[in-house]
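Data first, discussion second: the structure below is written as structure tokens.
What follows draws every value from the coordinates through simple rules; no lab data is involved. As the structure is a prediction and not an experimental result, all values here were calculated from the model. Heads up, the Cβs are rebuilt from the backbone with ideal geometry, glycines too, and the neighbour counts pull from every protein chain shown.
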Ligand code: 2NL
């Protein structure tokens, strides 16, 4: 007698334990009908067993129980398996009369097991879906959130504004060689910027020309690299960290700069002034921006100018816009023909303008901080106060928009 089909009260390791108690006839009744019974007797015994077994399958409530039945049916010494084994000892004639019933029984058992398995799996999934449902309309719990540093915010605003004007963002190494940082820019060997006390040099790292590597003092080398690697027309901005050996209330050894460069045919100062005016109006979100270009000198531009922007006093503070006074905000000029030639371009064919300014200073002017050093202290209270929400997108038309 196959105890597994009638429940099992002797629980031990390796035994099948969870058989639902059902009136499935013992497998012996099937075997006896095969060996001794008439075809009618076989059919009757098979039908009875199958009905009871189907009932057992259909009333299982867990995949675990179903698996117990599967093992009892089609496992190594399961009822179906034992029946199949009897085929081997039959004469061909006997096999022909009894074989089909055995195979049909097997098919029926397999089908019933598969059907119940699918049903139990489906309801297990339904149950999971019901308990694991998420309410997407619940308000988000406000966890601790960081904020965007004003320098990052202003850099994003600048990138956005200049993108609208057709400028791409270019980047390059912060550790530079002397040629890209100074020589290509027409900065003479004797220029004070090249002195040890103004520029951070690496004492041991040298370029192929034997000159010491250095921390870039402006982002101009990025523009030099772009001019050497990409054919004109060029419209780029180069934002990034720059380094100078300088430290007091208004200077930090590392600060942020943004430079702009346009190289094309027939570019003149009119393009330069319009671009700067459009940029400053968008950046300060005011239409009453007044510019003043004062003649100046940079080795890499000719002519060169310093750009002042008009301000007014509001409650004792200086606010950009109007023209009660002037504040210097940018340096600019037409790219020196020697710089264009240094980059392998013909200065008779290609001209352009360039400008540069400090990002930290722009941030202070727009958002009203008064101490540059606080920018780099990493004080969370300062960041909370002056920081920006992530995902606020700056636009040309509205400064910071949706
Ligand atoms: C300033 C002035 C300036 C440039 C930067 C530049 C770059 C190349 C060629 C020519 Cl590759 N010029 N950059 C030009 C004029 C002024 O910056 O006051 N910066 C803080």
Problem set entry | Cα-only Debye scattering, the range 182-287: base-10 log of I(q)/I(0) at q = 0.10, 0.15, 0.19 Å⁻¹ | -0.40, -0.84, -1.15
Exercise. Using every alpha carbon pair in the range 287-402, what percent of pairs falls into each 10 Å bin from 0 up to the bin containing the largest distance?
Worked result: 12, 28, 31, 21, 7, 0
Problem set entry | Which of 202, 162 has the fewest Cβ neighbours within 10 Å, and the rest in rising order | 202, 162
For this session: Would you mind calculating the gained length between residue 122 and residue 207 on full extension (0.36 nm times residue separation, minus the Cα-Cα distance), in nm to one decimal?
Result: 23.7 nm
Exercise. Of all the Cα-Cα pairs you can form in the chain, what percent are over 40 Å apart?
Worked result: 49 percent
Problem set entry | Rg/Rh for the range 158-228, where both radii come from Cα atoms and Rh is the Kirkwood radius | 1.05
Exercise. Counting alpha carbon pairs within less than 8 Å and at least 6 residues apart, what relative contact order, in whole percent, applies to the range 297-348?
Worked result: 37 percent
Exercise. In whole percent, what relative contact order does the range 150-386 give with Cα contacts below 8 Å and a gap of six or more residues?
Worked result: 19 percent
For this session: Please compute the Cα-Cα pair-distance distribution of the range 54-141 with 10 Å bins starting at 0, giving whole percents from short to long.
Result: 15, 33, 21, 14, 8, 5, 2, 1
Exercise. Label residue 390 and residue 250 with points 7 Å out from Cα along Cα→Cβ: what is the distance between them in nm?
Worked result: 3.6 nm
Seminar exercise, completed: Residues 87, 362 in order from fewest to most other beta-carbon atoms within 10 Å are 87, 362
Exercise. So what does log10 I(q)/I(0) come out to for the range 104-261 at q = 0.15 Å⁻¹, using the Debye formula with one equal point on every Cα and no solvent?
Worked result: -0.94
For this session: Within the range 340-384, which residues have the backbone N less than 18 Å from the label spot 7 Å out from residue 269 along Cα→beta-carbon, could you tell me?
Result: 351-356
For this session: Would you calculate the separation in nanometres between label points at residue 23 and residue 377, each defined as 7 Å from the Cα along the Cα-to-beta-carbon direction?
Result: 8.8 nm
Problem set entry | FRET E, pair residue 132, residue 62, Förster distance 25 Å, beta-carbon r, rounded to 0.05 | 0.85
Seminar exercise, completed: With only helices counted (DSSP H, runs n ≥ 4, each -39500 (n - 2.57)), the per-residue ellipticity at 222 nm for the chain, to the nearest 500, works out to -12500 deg cm²/dmol
Problem set entry | Contact order normalised by residue count of the chain, Cα under 8 Å, 6+ apart, percent | 13 percent
Seminar exercise, completed: Note: residue 312 to residue 85 extended length (0.36 nm per residue) minus current alpha-carbon separation gives 71.5 nm
For this session: Send over the per residue convex hull volume for the range 216-365, Cα only, as a whole number of Å³.
Result: 114 Å³
